[in-house]
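Rule-based calculations on the coordinates, nothing more; no lab input. On a predicted model such as this, the values are computed, not experimentally measured, just so you know. Reconstructed Cβ throughout: ideal geometry from the backbone, glycine too, with neighbour counts over all protein chains shown.
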Amino acid sequence: MTNEQKELVKGTVPILKEHGVALTTYFYNRMLTQNPELKNVFNSANQHTGAQPTALAMSVLAYAEHIDNPSVLAHAVNRIANKHVSLDIRPEHYAIVGKHLLASIREVLGEAASPALIDAWAEAYGQLAEIMIGAEAGLYSSSVAKEGGWSSWRPFVVKQKVKESQEITSFYLYPSDEGAVAGFLPGQYITVRLYVPELNVFQPRQYSISCAPNGRYYRISVKREHGHPDRPEGYVSNLLHEQIEEGNVIEVSPPSGDFVLDLDDKNPVVFISGGVGLTPFMSMLEYMTESGKNRPVTWIHGCRGYEVHAFRDTVKELGSKHGAMSMHTFYDKMENNTEDSYYEGYVDLCRIDDAIVPDAAYYICGPGVFIKKHFAYLCAQGVDPQAIHFEEFGPAVLVM
């Protein structure tokens, strides 16, 4: 890109800050109308709530702001690349996206979209596409090279279906070809793809792997998402709970994700989860327990109450085996539990004596508002932001 083109792109930053979501919403509507086959790739619920357009708007804004040095976005690029690989996004998709993104800029900005500006954004998008395609090619190659690895979709059999709470059920997935399954880092997810009759399309959903690597199966633990005014009910989660039974075959893409346990770190670790956000931590805790890792663990979890508290007894058992773990549980309403490690109300780190641990690594998983609250508290207590790792379920919109 020329310096003049970079200045033109940076000049659109104020517009993106004010109208970015409107632009990306228009873009998705345009693209999915003219290329309906992509409805099999994108999460329809995230389109409905605006989460996907918001995430894209923030990504486009960040890229425009750092057009002089895109390398500062390496972490974000890696996270997005992992998500794209899990959805089987390929280089040819970038041409379609670029076509509709440039057309959307032209149509939304109207007379303000000069030919020079469109040319500048075409160059910028081409540069970004090259970065993403390169990052994704590396992830695809790495996945295929693993023992038991594969690319794209692979059929898996549901051999066990176990109810963990009123809302969360675990599915034990074994490859239908009876071969090995690729290893993964504790904290990673797999993507499940199911046909949704109401939408007449396939819908992919990412679910954290909730067991330690074992070479034979993956376990996902899925919360049944009931609908409410701000969000439709979960198409895929309801299909899994209601219609997928033991013996059924579903499509799965390889493990992905960069929210992972550092296997070489020997310092203490603090897990902070809300609701179904404990699932990646189940994999991490099980791995540390089975591998004899003696890192001190502080386990902090919050949910609405006893009946929806998944893995309650399993965590206690793993904690006992681990031998260096403290547990703290918050229920919105206490009910009849009088144990010292239980608290009434939302997760509140200031009520926990060992929440702040010197040299600890912190992992937070749950809704965006949950992550922001605890990230801010930890930073205010002097915790290095680089020691805080988080994963937001759904399209990533948090930048901290």
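Size descriptor for region 219-278, Kirkwood hydrodynamic radius: 15.1 Å (Cα pairs only, one decimal). By the count of neighbouring beta-carbon atoms within 10 Å, fewest first, 363, 94, 346, 189 end up ordered 346, 94, 363, 189.
Hey, what angle do you get for helix 51-65 against the long axis of the chain, alpha-carbon based, 0 to 90 degrees rounded to 10? Helix 51-65 sits at roughly 60 degrees to that axis. At the listed q of 0.09, 0.16, 0.17 Å⁻¹, the Debye profile of region 162-308, built from one uniform point per Cα, gives log10 I(q)/I(0) equal to -0.30, -0.94, -1.04.
Judged by the mean number of other Cβ atoms found within 10 Å, the most tightly packed of the peptides 173-183, 365-375 leads the ranking 365-375, 173-183. Once the Cα atoms are used to define both axes, helix 312-322 deviates from the longest principal axis of the chain by about 80 degrees. Once both labels are positioned 7 Å from their Cα atoms along Cα-to-Cβ, the gap between residue 66 and residue 202 label points is 3.2 nm. Stretching residue 129 away from residue 159 to a fully extended chain increases their span by 6.8 nm, per 0.36 nm per residue minus the current alpha-carbon distance. In a simple Cβ point-charge model (Lys, Arg +1; Asp, Glu -1; nothing else charged), region 269-392 has a dipole of about 160 debye relative to its Cα centre.
Annotation: amide H of residue 220 within the under-5 Å range of 171, 173, 210, sequence separation 5 or more or interchain, hydrogens built in the peptide plane. Potential lengthening of the chain between residue 335 and residue 109 amounts to 75.8 nm, from the contour at 0.36 nm per residue minus the alpha-carbon distance.
Taking other Cβ atoms within 10 Å as a rough exposure proxy, 350, 379 sort from fewest to most as 350, 379. Across region 89-203, the convex hull enclosing all Cα atoms gives 186 Å³ per residue. Ranked for footprinting exposure by Cβ neighbours inside 10 Å, fewest first, 118, 168 give 118, 168. Summed over qualifying helices (DSSP H, 4 residues or more, each -39500 (n - 2.57)) and divided by its residue number, the chain shows a 222 nm mean residue ellipticity of -13000 deg cm²/dmol.
Divide the volume of the convex hull around the Cα atoms of region 92-136 by the residue count and you get 56 Å³ per residue.
Work out the charge dipole of the chain with +1 on the Cβ of Lys and Arg and -1 on the Cβ of Asp and Glu about the Cα centre, then indicate which of 377, 341, 310 is farthest towards its positive end. Of the candidates, 310 comes out farthest on the positive side. In the chain, taking the dipole from charged Cβ atoms about the Cα centre, the farthest positive-side position among 289, 367, 155 is held by 155. At q = 0.17, 0.19 Å⁻¹, what is the base-10 log of I(q)/I(0) for region 3-145 according to the Debye formula with one equal point scatterer per Cα and no solvent? Please give it to two decimals. Here the Debye-derived log intensity ratios amount to -1.00, -1.26. Taking the Cα centre of region 154-256 as reference, the dipole from Cβ charges on Lys and Arg (+1) and Asp and Glu (-1) amounts to some 280 debye.
Per-residue packing, averaged as other Cβ atoms within 10 Å, sorts the ranges 322-328, 252-258, 49-55 into the order 252-258, 49-55, 322-328, beginning with the highest.
Counting only DSSP beta bridges with both residues in the chain, the antiparallel share comes to about 55 percent. Charged side chains reduced to their Cβ positions (Lys and Arg at +1, Asp and Glu at -1) give region 1-53 a dipole of some 80 debye around its Cα centre. Ratio of Rg to Rh for region 269-392, alpha carbon only, Kirkwood? Rounded to two decimals, Rg/Rh equals 0.93. Against the chain, whose longest principal axis is taken from its Cα atoms, helix 368-380 shows a tilt of about 80°. Provide the FRET efficiency to the nearest 0.05 for the residue 346-residue 49 pair, computing r from the beta carbons and using R0 = 30 Å. Efficiency at R0 = 30 Å is approximately 0.85.
Near residue 160, within a Cβ-to-Cβ distance under 15 Å, what is the net charge of the other residues, with Lys and Arg +1 and Asp and Glu -1? Combined, the nearby Lys, Arg, Asp and Glu give +2. In order along region 196-211, phi translates into HN-Hα couplings of 10, x, 4, 9, 6, 9, 7, 10, x, 9, 8, 9, 4, 6, 9, 10 Hz, rounded to whole numbers, per the Karplus curve 6.51 cos²θ - 1.76 cosθ + 1.60 with θ = phi - 60° and x for Gly and Pro.
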